[in-house]
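The values are calculated or read from the model by the stated rules, or taken from the named source; none is laboratory data. Everything quoted here is computed from the prediction, not taken from an experiment. When we count neighbours, we look across all protein chains shown, and the Cβ atoms used for this are built from the backbone with ideal geometry, even at glycine.
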Amino acid sequence: MIQESLLLQGMRNKLVENLKLKGITNPQVLDAFRTVPRHLFMDLSLERVAYEDRAIEILCNQTISQPSTVAFQTQLLDVKNREKILEIGTGSGYQTAILYRLTSRIYTIERQKPLYDAALRIFERLNIHPNCFFGDGYKGLPGFAPFDKILVTCGAPFVPQDLVDQLKTGGVMVIPVGDEKQTMYKITKISDKEIISEQFGNFKFVPMLKDKQR
Ligand code: SAH
């Protein structure tokens with residue numbers, strides 16, 4: 001158990017009230033935001049702004065998405081206890097830790113080694129055990145498929161077919177698609193060959209990069 005000030009818990013409670021105003025209603029999702037210490041996923045100097053609804057820079061020019069975006073994606077994914085989830089873009093690990101409150105069967109992939117290493121350290125500190133992989137999210141994790149749900153936390157230029165293939169029939173993928181800005185898609189795999197896709201507004205994510213891109 002990590003010791004922290006009442007002030008930080010107060011700031012988290014306020015964040016949860018703010019998320020409710022922004023349409024987050026799922027009690028388990030709200031509870032995850034009330035519990036996970038977002039300030040630990042960033043530089044110490046940023047603690048005072050950790051619970052504002054804004055994206056925050058982390059290593060390698062990447063960002064932790066703003067809490068309302070993390071909450072929106074998590075709610076849309078509609079995770080049930082014991083479901084097996086694949087996350088693309090571990091980043092700071094904050095979204096991973098939120099998902100872990102909903103099911104412990106989490107697999108997450110990050111392509112930047114410094115971020116991957118930092119996320120491992122924080123998971124250890126929080127005593128949580130998502131399955132972490134350093135690699136290319138476009139390929140997913142065929143050896144661990146199929147997944148009930150897939151969450152992509154970087155802006156994808158298109159929906160990667162390998163990820164669709166790794167969804168169970170009936171499974172759902174939440175993925176922001178687009179170059180400069182992205183449209184949030186919820187993709188439901190209704191059979192081996194068919195998907196239904198629904199759109200949920202515009203967002204701005206860092207890009208999902210290919211193997212050698214910087
Ligand atoms: N879920 C993260 C969001 C981080 S930003 C959080 O809560 O902090 C998106 C992350 O996706 C970045 O860390 C970036 O390095 C990673 N990413 C981009 N392209 C990727 C790819 N092809 N495979 C795996 N990770 C990727």
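Within segment 38-90, which residues are within 14 Å of L8 (Cα to Cα), part of a loop (DSSP other than H, G, I, E, B) and more than 13 Å from the ligand (Cβ to nearest atom)?
Matches in segment 38-90: Y51, E52.
So if I check each of R38, R101, which one is surrounded by 18 or more Cβ atoms within 10 Å (Cβ to Cβ), of a type in the set (D, E, K, R) and out of contact with any strand residue (DSSP E or B) (no Cβ under 9 Å at 6 or more places or on another chain)?
Residue meeting the stated conditions: R101.
Output the residues belonging to segment 136-160 that are out of contact with any helix residue (DSSP H, G or I) (no Cβ under 9 Å at 6 or more places or on another chain), farther than 26 Å from Q28 by Cβ and touching a residue at least 12 places away in the same chain (Cβ under 8 Å).
Correct list: D136, G155, P157, F158, V159.
Within the set of pairs 6 or more residues apart or between chains, which connect a residue that is closer than 12 Å to T25 by Cβ and among the aliphatic types (A, V, I, L, M) inside segment 65-85 to a residue that is in a loop (DSSP other than H, G, I, E, B) and modelled with pLDDT of 95 or more with Cβ atoms less than 8 Å apart?
Correct list of pairs: A71/K22; A71/I24.
Collect the residues in segment 102-121 that are charged (D, E, K, R), within 19 Å of L151 (Cβ to Cβ) and assigned to a helix (DSSP H, G or I), keeping them in residue-number order.
The answer is none; no residue qualifies.
Being among the acidic types (D, E) and touching a strand residue (DSSP E or B) at 6+ places or on another chain (Cβ under 9 Å) is the filter; apply it to segment 41-83 and report the residue that is surrounded by the most Cβ atoms within 10 Å (Cβ to Cβ).
E83
Condition test on I98, is it closer than 21 Å to G135 by Cα, of a type in the set (V, I, T) and not in a loop (DSSP other than H, G, I, E, B)?
no
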